[in-house]
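Report on one structure; see the data block that follows.
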Amino acid sequence: MGDELEDVFEKYDFVRQGFSRVEFYKLFRLGGKCQARKRRLEEGEILIVQNKTNMRLHFILEGSAIVRLQLPGNNGHKYLVTIKDGAFVGELSMLDALNTQNLSVDPAATEVVIGKGGATVVEWDIINLRNFMWENRDVSNALQTFVCHDLRDKLRRSNDEMICRTRSTKRYSKPDTDPKENRRWLRRSWVKIWSDNSNIAPPIDINDDELLVPIIRT
């Protein structure tokens, strides 16, 4: 996967996201110390089950994944956002594990399924990855910087899609939760990223006038 890894490094601009080539290859090298593996997943396959603990981190090399909320009873699902290639899935579960000595990871608040046409992903076991990151602070800092930007992009995309859906129905639709609570949750998520890493700055500032949709917890 040497040439393919180089293509991934260049295509998704890992340098801009905080990675050097050495750090990138340490993380993505298949069968390396952090035990990354490549998988092909079929359309509709579930990556993350709602209300259950997720113990895998995925990076989408090709294809997409859909984040949706399982509604109470047998009332189906509510679409939230599409995660495209070049993004991580399960990053907040990874951050939960990274900041605790035990195996405590909060249950996933949403479900993530593979989108149309299937997807190719790189997968890590979260506990193995956490132990690797504790021993390799350079990789840990780089990955958390990337995740910080990734969360920002997902938030913006979710907000854009909500605006598009609102315009298409030609009516105003309130967000699912109080905007102040959304801001508090976003801040708490970022604190996990830079609490122990002074070299990592928050990607954007949040002011009290911004209307933020709920961040997608995967």
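Do you know which of the residues in the stretch 17-53 that are among the aliphatic types (A, V, I, L, M) and over 17 Å from the mean Cα position of the chain (by Cα) is nearest to D106 (Cα to Cα)? It would help to see each step written out before you state the result.
Filtering the stretch 17-53 for residues among the aliphatic types (A, V, I, L, M) gives 22, 27, 30, 36, 41, 46-49.
From the residues that got through so far, the ones that are over 17 Å from the mean Cα position of the chain (by Cα) too are 22, 30, 41.
Working: V22: 31, L30: 27, L41: 25 Å.
Only one residue fits best here, namely L41.
When you go through E23, E62 one by one, which is the residue that is out of contact with any Phe, Trp or Tyr (no Cβ under 9 Å at 6 or more places or on another chain) and surrounded by 12 or more Cβ atoms within 10 Å (Cβ to Cβ)?
On the way: E23 fails: out of contact with any Phe, Trp or Tyr (no Cβ under 9 Å at 6 or more places or on another chain).
Residue meeting the stated conditions: E62.
Within the stretch 5-14, work out how many residues are surrounded by 13 or more Cβ atoms within 10 Å (Cβ to Cβ) and either more than 16 Å from Q144 (Cβ to Cβ) or polar (S, T, N, Q) (or both).
Our first condition is that a residue be surrounded by 13 or more Cβ atoms within 10 Å (Cβ to Cβ); within the stretch 5-14, this holds for 5-6, 8-9, 12, 14.
Those left that are additionally either more than 16 Å from Q144 (Cβ to Cβ) or polar (S, T, N, Q) (or both): 5-6, 8-9, 12.
So the count comes out to 5.
Can you tell me which of T100, T120, T145, T53 is touching a strand residue (DSSP E or B) at 6+ places or on another chain (Cβ under 6 Å), among the hydroxyl-bearing types (S, T, Y) and surrounded by fewer than 22 Cβ atoms within 10 Å (Cβ to Cβ)?
Of T100, T120, T145, T53, the one residue that is touching a strand residue (DSSP E or B) at 6+ places or on another chain (Cβ under 6 Å), among the hydroxyl-bearing types (S, T, Y) and surrounded by fewer than 22 Cβ atoms within 10 Å (Cβ to Cβ) is T120.
If you take the residues in the stretch 72-120 that are aliphatic (A, V, I, L, M) and in contact with a Ser or Thr (Cβ under 6 Å, 6 or more places away or on another chain), which one is nearest to E4 (Cα to Cα)? If you could, list the steps in order and put the result at the bottom.
Within the stretch 72-120, the first condition is being aliphatic (A, V, I, L, M), and the residues that meet it are 80-81, 83, 87, 89, 92, 94-95, 97-98, 103, 105, 108-109, 112-114, 119.
Next, only the ones that are in contact with a Ser or Thr (Cβ under 6 Å, 6 or more places away or on another chain) stay: 81, 89, 105, 112.
On the way: V81: 28, V89: 20, V105: 32, V112: 26 Å.
My answer is V89.
Just checking, does the stretch 87-105 include any residue being farther than 16 Å from I48 by Cα and in contact with a Leu (Cβ under 7 Å, 6 or more places away or on another chain)?
The answer is no; no qualifying residue exists.
Note down all Cβ pairs under 9 Å where the first residue falls in the stretch 4-27 and is in contact (Cβ under 8 Å) with a residue 12 or more places away in the chain, the second is polar (S, T, N, Q) and assigned to a helix (DSSP H, G or I), and they're at least six residues apart or on different chains.
Listed by first residue and then by second, the contacts come to Q17/T145; G18/N141; G18/Q144; G18/T145; F19/T145; E23/N141.
Mind checking which residues of the stretch 17-43 are under 17 Å from D85 (Cα atoms) and part of a loop (DSSP other than H, G, I, E, B)?
Q17, E42, E43, listed by residue number.
Laboratory data are not the source of any read-out in this text; all were calculated from the coordinates shown. Since the model is a prediction, treat every value here as computed from it, not as a measurement. Positions of Cβ are backbone-derived with ideal geometry, glycine not excepted, and every protein chain shown enters the neighbour counts.
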